[in-house]
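First up is the structure itself, then whatever we jot down about it.
The values are calculated or read from the model by the stated rules, or taken from the named source; none is laboratory data. Because the structure is predicted, anything quoted here is derived from the model rather than measured. With ideal geometry, Cβ positions are generated from the backbone for all residues, glycine too; neighbour counts draw on all protein chains shown.
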Amino acid sequence: MKQNKLKRVQRQRRKIGIRKRIFGTSEKPRLTVYRSLQQIYVQIIDDMQGKTLLSWSSVEAKLPIGGNIDSATEVGKQLAEKAVAAGITKVQFDRNGFRYHGRIKALADGARENGLQF
């Protein structure tokens, strides 16, 4: 129990440090990622207006298993397709305090494959 609380606190601290440096504008919005044990969620946010421009998740993608690397890659690809169709090509990647490996890295690679630049 104590270990889980410590992990949450450490992730929140990392998240605050990341958000001090990353700010989404209308020209280059922020792509933020949240991962749970079962699913992965992504949003493209314009912080200047305080609006979510696009969102996508493994739930919306109707993937059979949402908590693995293959699903994260597919979510990244589908999000990139939606973003390019909406006219968004450049984003700032906000890993939301999670380490850049595994599902987070797979999602980023999938998004880059289909046209997002960050």
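Evaluate the following for residue 67: is it modelled with pLDDT under 95, surrounded by 13 or more Cβ atoms within 10 Å (Cβ to Cβ) and either in contact with a strand residue (DSSP E or B) (Cβ under 8 Å, 6 or more places away or on another chain) or not in a strand (DSSP E or B) (or both)?
Values: modelled with pLDDT under 95: yes; surrounded by 13 or more Cβ atoms within 10 Å (Cβ to Cβ): yes; either in contact with a strand residue (DSSP E or B) (Cβ under 8 Å, 6 or more places away or on another chain) or not in a strand (DSSP E or B) (or both): yes.
Taking the combined requirement at face value, the residue satisfies it.
For the stretch 50-64, how many residues are surrounded by 15 or more Cβ atoms within 10 Å (Cβ to Cβ) and among the polar types (S, T, N, Q)?
The number of residues fulfilling the criteria is 2.
Among the residues of the stretch 72-93, write down those that are crowded, with 22+ Cβ neighbours inside 10 Å and not hydrophobic (A, V, I, L, M, F, W, C).
Of everything in the stretch 72-93, just one residue is crowded, with 22+ Cβ neighbours inside 10 Å and not hydrophobic (A, V, I, L, M, F, W, C), namely 76.
Restricting the first residue to the stretch 102-118 and requiring it to be more than 11 Å from residue 79 (Cβ to Cβ), which pairs with a second residue that is hydrophobic (A, V, I, L, M, F, W, C) and part of a helix (DSSP H, G or I) meet a Cβ separation below 7 Å and a spacing of at least six or different chains?
If the second residue must be hydrophobic (A, V, I, L, M, F, W, C) and part of a helix (DSSP H, G or I), the pairs left are 102/69; 103/69; 103/72; 106/69; 106/72.
Under the condition of being outside any helix (DSSP H, G or I) and touching a Phe, Trp or Tyr at 6+ places or on another chain (Cβ under 7 Å), which residue from the stretch 94-118 is surrounded by the fewest Cβ atoms within 10 Å (Cβ to Cβ)? Working first, answer last.
Pass one, the stretch 94-118, residues outside any helix (DSSP H, G or I): 94-102, 114-118.
Restricting the remaining residues to those that are touching a Phe, Trp or Tyr at 6+ places or on another chain (Cβ under 7 Å) gives 96, 118.
Numbers: 96: 18, 118: 14.
Among them, the one singled out is 118.
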